1. Given points 7 Å out from each Cα along the Cα-Cβ axis, report the residue 346 to residue 109 separation in nanometres with one decimal.
2. At what distance in nm do the modelled label points of residue 483 and residue 498 sit from each other, each positioned 7 Å from its Cα along Cα→Cβ?
3. Given points 7 Å out from each Cα along the Cα-Cβ axis, report the residue 201 to residue 223 separation in nanometres with one decimal.
4. Please report the spacing between the Cα centers of the range 163-195 and the range 422-484 in Å, no decimals.
5. If you stretched the chain out fully between residue 139 and residue 413, how much longer would it get, using 0.36 nm times the residue separation minus the C-alpha to C-alpha distance?
6. Between residue 444 and residue 548, take the C-beta separation as r, use R0 = 41 Å, and let me know the FRET efficiency to the nearest 0.05.
7. Give, in nm to one decimal, the length gained when the segment between residue 261 and residue 453 is fully stretched (0.36 nm per residue of separation minus the Cα-Cα distance).
8. Compute the Cα gyration tensor for the range 447-532, then decide on rounded, prolate or oblate, letting a ≥ b ≥ c be the square roots of its eigenvalues: rounded whenever a/c is under 1.5, prolate when a/b is larger than b/c in the other cases, and oblate in all that remain.
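Derivation of every value follows stated rules applied to the coordinates shown; laboratory data play no part. Note that the coordinates shown come from a computational prediction; the quantities given were computed from them, not determined experimentally. Heads up, the Cβs are rebuilt from the backbone with ideal geometry, glycines too, and the neighbour counts pull from every protein chain shown.
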């Protein structure tokens, strides 16, 4: 009985544990911690959002260095000057005054945070006579050989705080690896002064490559918090993402974020008194616990009785069904076993209705087939005797044409009335040739037939009238209705275990609209009953249906036509894919 626990039983058990047992034992303390944590999270989220805004502001300030360099790099005259295109003093001064000086001075005067702008050039003459230029030998040792010059790097000033910090980047000169010039943008600490002024209650520390670059409003309380944080700072384990760490020991909030992919680390320590380190009384927790227990009881009642209500409704619906058609249940589906039961019932009713309709159609088709079979039950010997009499009279009267037609027609009648389903391919070809010979005598000089046959033994078999129907379709829809000369190519090819019949002919062909309709009806047999015209493609559909009966999906049948040019019908079968 209890070998399989349903999801409904599992839901009842979980609801009981979550809504009754656990709340009675721990609800007061849980609610207290929940509210306390919620309040802390909200407070820290506000801090985090504010910190992200501050991070974006400082990041934009530092990104100005790259923007300024891009402006310098895009100055064509400056690039030519650095690469030594200008050799005389007159050329250098002219290029500098016309295109370079205005750019350098606008950058230097525009940004108040920029303390100095220097371009160290290999062009010694330019370095001697131009403002903002210095010889590259004046660079600090080791700067010129650093690989980071390709993308630029930041460095602390020479004497700590007073010199601020600098951004170095080399001017590219492909394909050469030596930089013709190196730009140095020296920033003062105004960036961080304005940031510290916007946070007067906090102590701000800025590190560049692990070295302390800037500090403000430092106090004993914030210094103790920073001391607890120094190991992470010294080890370089700080992440680029925004971090907020409440330090209960110093009762401070330590916030940090990285700039310029971790090159700069900004640490802000804010003393917090009575905001997130206070405690709430337990009275609120007790009152909330009582309210939750009351609500849980109501929820349990609804969860238990709702599924049984759905089952009763489904049972009543099933009792109202009649013996002819089944109606699906239209009530609301729940997300448990009762909902799956209702869904399965609806699928079952739909399937039963489909099978009933299919069975009725099959019975009607069977009756129609029986009637047609009774109508066709004429004695074949009557036809054979009549045809043989016609042939003998024609020979006696020296009417060889009529005699030959009667002989060929008699062979076709015997072939069509035989009870073989699969015949040798050679016999199918012979019967098709007999049919073509009849048409040659009837439609003299109206067409030509090119037979392209491969050698086949009697082990190769095919469904009766496959090739015959393809050829008969050509005469019915092209040769008989066209006054022009028709060329027909009948090809039988063997490819390994596959055999291909292809019939091509010139003539009016099939219009694109009619061809699309034929392709659609080949894929949707149920739509064929809507056809009313005589030119409804019954022979094509007959070929496809009989191939599907014998080979299932293991055959290939296609018809293609270019109107007034060429029409091709092709069948490919496999000798080992016959279903019976």
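1. In this crude label model, residue 346 to residue 109 measures out at 7.7 nm.
2. 4.2 nm
3. Label-label distance for residue 201 and residue 223, simple model: 2.3 nm.
4. 89 Å
5. On the way: separation 274, 0.36 × 274 = 98.64 nm, distance 10.82 nm.
Fully extending the segment from residue 139 to residue 413 adds 87.8 nm.
6. On the way: r = 38 Å, r/R0 = 0.93.
Using R0 = 41 Å, I get an efficiency of 0.60.
7. On the way: separation 192, 0.36 × 192 = 69.12 nm, distance 7.67 nm.
Difference between extended and current length: 61.4 nm.
8. Values: a/c = 2.37, a/b = 1.27, b/c = 1.87.
Verdict is oblate for the range 447-532.
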